[in-house]
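Worksheet for the structure shown next.
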Amino acid sequence: MGRGRMGWSRRPRLGARECHRGCHGARSRGECGRAMIHRPEIRRTTIVQAVILFAFWLALSGRFEPLFIVMGLVTAIAVTAVTHRITGRALRPDGDHLPIGSLPPALLRGVGFTVWMGGRVLVASVQLAVIALSPRMPLDPCTLRFRTQLRRPIARATLANAISLVPGTLTVDIEGDVFTVHALAPNQVDDLVSGRLQNKIAAVFLEDEQPPVDPSTIREGDVR
């Protein structure tokens, strides 16, 4: 019985110590176990981030002398050390890292999304110019309030910035997963109502398919 009690008393201590070291203050042993499982994934993601930053440094500098290579390597490691927890939390939904094997297709989808956004900005700019130069086309401002199902913080931040990037639309407020958007005309939020913009972002960050927005949430007039 003495040995059993001693063995029983040691195991929680060891688990708590491992949990403290591996999980950075996880609240339960279950959370600790999940965090310990994802540690190799976190390390691989951190290494990939450092390699990408180093390659970006070399591409911008165009110098391959030993001094520039060492400076680039030190800079990439330093930036990764400072930002890896921030980027890790942004990419994790409920504590799960973005799988390392999904990064290349995610980057390709990101390039496609950037090109698509460039087209949307161009079209919206032309539409806004026509409205501004045509007296017969009065402004019809409206607000749209909707709930997004994007889970990752970086995906929600991308959605907010993408809305504000398009001329004529602006992300006015974000409360959790509820977005309030102002537009100069109802047709400028068509991509939001149809869910097309949300799905473009969801594809980049490996999120589930996003549902369309209820058109009844569109309100005429400016934000009050």
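The values are calculated or read from the model by the stated rules, or taken from the named source; none is laboratory data. What you see is a predicted model; the values in this text were computed from it and never measured. Because the Cβ atoms are built from the backbone with ideal geometry, glycine has one as well, and the counts that use them run over all protein chains shown.
The residues in region 188-224 that are under 22 Å from Val123 (Cα atoms), more than 21 Å from the chain's Cα centre (by Cα) and in contact (Cβ under 8 Å) with a residue 60 or more places away in the chain can be counted, and the count is 2. Of the residues examined, Phe54 is one that is over 20 Å from Phe205 (Cα atoms), at pLDDT 80 or above and either among the charged types (D, E, K, R) or part of a helix (DSSP H, G or I) (or both). Glu175 meets the conditions (1) within 20 Å of the chain's Cα centre (by Cα); (2) at pLDDT below 90 in every case but one. The failed one is (2). Quick check: anything in region 87-103 modelled with pLDDT of 75 or more and of a type outside the set (Val, Ile, Thr)? There is no residue in region 87-103 that is modelled with pLDDT of 75 or more and of a type outside the set (Val, Ile, Thr).
Matching residues to (1) buried (at least 16 other Cβ atoms within 10 Å of the Cβ); (2) more than 16 Å from Val193 (Cα to Cα):
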position	(1), (2)
Ser125	no, yes
Ala129	no, yes
Leu159	yes, no
Pro167	yes, yes
